[in-house]
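S.K.: Take a look at this one; I'll ask things after.
The values are calculated or read from the model by the stated rules, or taken from the named source; none is laboratory data. Predicted model, so just to flag it, every value in this text is computed and none were measured. Here Cβ is always computed from backbone atoms with ideal geometry, including for glycine, and neighbour counts include all displayed protein chains. Only protein heavy atoms, including side chains, enter the accessible area calculation; ligands, DNA and RNA are left aside. Shrake-Rupley method; radii C 1.70, N 1.55, O 1.52, S 1.80 Å.
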Amino acid sequence: MTGLLTFHWADDCGGMLQAYALKRYLELQGEEAVFLPYAPRKLTGRYWWAPLIATQQQGRIRYQVPLLWWGGNALRGTGFWRRRRLMRRFRRQYLTTRPPVRRAEQLSLAGLRCLFVGSDQVWNPAITVGLDDAYLGELPGKESCRIASYAASMGGDRLPEDCRARFARQVGENFAAVSVREESAVPFVAELLGREPACVLDPTLLLDREEWERVAVPPKEERYLLVYATQRNTEMAEEIRAFAREQGLRAIQLSAQRWWESKAGVESRDAVGPAEFVGYFRNAACVITNSFHGTVFSILFRRPFLTFCHTTRGARMGDLLNKLGLAERLATGEIESDRRRLAAPADWEGAAERLTAARQQSEAFIARQLQLAEQGETR
């Protein structure tokens, strides 16, 4: 049996879909894959109706309920609960029904030959409220299980200075193999660990279009420009308004940030879980996004799209588009230029060939870990 330890608990479409993708990929290889039900309150609390936000101060975890966040949830009204219900439904149907475990020392690796930690930002102390023992492999029974990271991320190309010694010690001792998601992080991790990590694809790219169609719930709407934004961008809002008007399309956005409605005449859809998210991308006439997973699903479903760079997480979008020969899909912020980019036919066949080659490297990493685990090699 193979274990998975990631952010499966997150009420976030990208987080849940990457978790699903790695589990499904392993199942397609004949593996029985299960999630370790690690879901500490310091991480899950941010998704509650009255959000509980954790911070680390002098080595202790402290909590607060930010009134602005709570007020935002209240303004969404029943939309908050509809979305939360869809998230839970997807999690129960496709991920796990096991009750959450709040502390790393309460987890068990019994019965597991191999454990994959990641994908997602499991090594980003800003996300995990300081480095987290579980995601560093500090788990009961670790001696009898091969632990490897798959596409783990620090959120950037390096860790804060005060985290590096602990990361090097625990990951160096606990992980038999290491792979990361961002190419830019490879030199830093290699220097800390004294061994070069592999750079592999986000799990969502391990599955093809047909696999994603299995879970897609199609929307009722037809002929729409889909917007998926994870950061405010004025130029992006202007182009959304211009393109929707020019093409005679309604603009629909899936993100919770409601500023798009007033800025660009965009209709919000609150009741969207991971399955609905995939369905909206599958049926979109075109897509404008500044999200990595928005870019991924536009590519997988071969939708005309433009990607605006995120100010702090844009590197991996650019890396992916360059790797697949789709660099022209990066928006410039100049409406006439971007209109031509959106209208131009993409080299989907070339992108598919490049993606297949990139998949082979990622698949080889996974296969190697499973093979060594089967042979009993835990380190």
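S.K.: Going by a ≥ b ≥ c, the root eigenvalues of the Cα gyration tensor, does region 21-141 fall in the rounded group (a/c under 1.5), the prolate group (a/b larger than b/c) or the oblate group?
M.R.: Oblate, since a/c reaches 1.5 and b/c is not below a/b.
S.K.: If you don't mind, another one. Given Cβ point charges of +1 (Lys, Arg) and -1 (Asp, Glu) and nothing else, what value in debye, to the nearest 20, does the dipole of the chain about its Cα centre take? Don't skip to the end; give the middle numbers.
M.R.: Working: 53 positive and 45 negative charges, 291 e Å.
Dipole magnitude for the chain comes out near 1400 debye.
S.K.: Then there's this: Estimate the FRET efficiency between SER337 and ARG250 by the formula 1/(1 + (r/R0)^6), using the beta-carbon distance for r and 25 Å for R0, to the nearest 0.05.
M.R.: Numbers: r = 24 Å, r/R0 = 0.97.
Between SER337 and ARG250 the formula returns 0.55.
S.K.: Let me ask something else. What is the count of Lys pairs in the chain whose alpha carbons sit under 28 Å apart, if the two are 8 or more places apart or on different chains?
M.R.: Close lysine pairs found across the chain: 5.
S.K.: Residue farthest toward the positive end of the dipole of the chain, with Cβ of Lys/Arg at +1 and Asp/Glu at -1: which of LEU52, ALA198, TYR20?
M.R.: LEU52
S.K.: Right, another one. Compute the Rg to Rh ratio over region 267-375 from the alpha carbon atoms, using the Kirkwood formula for Rh, and round to two decimal places.
M.R.: 1.05
S.K.: List the longest stretch of the chain that has no exposed loop site; here a site is one of the GluC sites (Glu not before Pro) assigned by DSSP to anything other than H, G, I, E or B, with at most 13 other Cβ within 10 Å.
M.R.: Longest gap between qualifying sites, sites excluded: 33-221.
S.K.: Hey, what angle do you get for helix 234-247 against the long axis of the chain, alpha-carbon based, 0 to 90 degrees rounded to 10?
M.R.: 50 degrees
S.K.: Okay, moving on. Would you tell me the accessible area of LYS23, worked out with a 1.4 angstrom probe on the heavy atoms of the protein chains, in Å² to the nearest 10?
M.R.: Ignoring ligands and nucleic acids, LYS23 comes out at about 30 Å².
S.K.: Could you work out how far helix 13-28 tilts from the main Cα principal axis of the chain, as a 0 to 90 degree angle to the nearest 10?
M.R.: For 13-28 against the chain, the angle is about 60 degrees.
S.K.: Taking the full set of protein chains and a 1.4 angstrom probe, give the accessible area of LYS323 in square angstrom, rounded to the nearest 10.
M.R.: Answer for LYS323: close to 100 Å² accessible.
S.K.: With the Cα gyration tensor of the chain in hand, give its eigenvalues times 5 under a square root as the equivalent ellipsoid semi-axes, listed largest first in whole angstrom.
M.R.: 34, 24, 20
S.K.: Assuming a viscosity of 1.306 mPa s and a temperature of 10 °C, what translational diffusion coefficient in µm² per second does Stokes-Einstein assign to region 20-69, Rh being the Kirkwood radius over Cα pairs?
M.R.: Rounded, D is 118 µm²/s.
S.K.: What value does region 40-99 have for Rg/Rh, both radii from Cα atoms and Rh as Kirkwood defines it?
M.R.: 1.06
S.K.: What is the ratio of the Cα radius of gyration of region 124-230 to 2.2 N^0.38 Å, where N is its residue count, to two decimals?
M.R.: Output field value: 1.37.
S.K.: Related question: Roughly what % antiparallel, to the nearest 5, for the DSSP beta bridges in region 1-112? Before the final figure, lay out each step's value.
M.R.: On the way: 5 of 9 bridges.
Rounded to the nearest five, the antiparallel share is 55 percent.
S.K.: Taking the DSSP beta bridges in the chain as the whole, what percent of them are antiparallel, to the nearest 5?
M.R.: Taking every DSSP beta bridge with both residues in the chain, the antiparallel ones total about 15 percent.
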